[in-house]
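The values are calculated or read from the model by the stated rules, or taken from the named source; none is laboratory data. Small disclaimer: the values here were computed from a predicted structure and weren't measured. Every residue, glycine among them, receives a Cβ derived from its backbone with ideal geometry; neighbour counts consider all protein chains shown.
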Amino acid sequence: LRELSLALWKFQKALEELGVDDKVATFTSSDFGRTIGNNGDGTDHAWSTINLVMSKSAGTTFNGGKFYGDLPNLTMGGSDDIRDGGKGRFVPKLSVEQMHSTLCSWFCVPDADIATLFPNLPNFKSGA
């Protein structure tokens, strides 16, 4: 994580030097995750993952420095661990579609197109 942090910091500083830091949103995204528990050969496929968004403003009011969504109880076999005998498989509480649709809004994608791009969006809470 230190390497990622330094790389993002350097990238942000370069954006500032170029004078475009208020015009760029940097984000990572994946709908691929791994279980917490080891299966003997590593870990199994899962859903939950962490996504990062970094922006000075990107043309919108960006409420940074916060976590969005709810972190699950990461106890193996705990209340948020599902299926497979408690191997650390968690269902995400915030969809990547919620994050992506918000980013599309920042880039002025029309609402009708967002609905087409993310047909599952109505299945999730708004306010991502």
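Mind checking which residues of the stretch 44-54 are part of a strand (DSSP E or B) and either hydrophobic (A, V, I, L, M, F, W, C) or surrounded by fewer than 16 Cβ atoms within 10 Å (Cβ to Cβ) (or both)? Reasoning before the result, please.
Looking only at the stretch 44-54, we keep the residues that are part of a strand (DSSP E or B), and these are 44-46, 53-54.
Those that are part of a strand (DSSP E or B) and either hydrophobic (A, V, I, L, M, F, W, C) or surrounded by fewer than 16 Cβ atoms within 10 Å (Cβ to Cβ) (or both): His45, Ala46, Val53, Met54.
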Cys108 modelled with pLDDT of 80 or more, within 22 Å of Val53 (Cα to Cα), more than 13 Å from the chain's Cα centre (by Cα) and not in a loop (DSSP other than H, G, I, E, B): no
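Name the residues in the stretch 1-23 that are outside any helix (DSSP H, G or I) and within 17 Å of the chain's Cα centre (by Cα), would you?
Correct list: Leu1 only.
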Give just the number: which of (1) loosely packed, with under 10 Cβ neighbours inside 10 Å; (2) among the small types (Gly, Ala, Ser); (3) modelled with pLDDT under 75 does Gly19 not satisfy? (3)
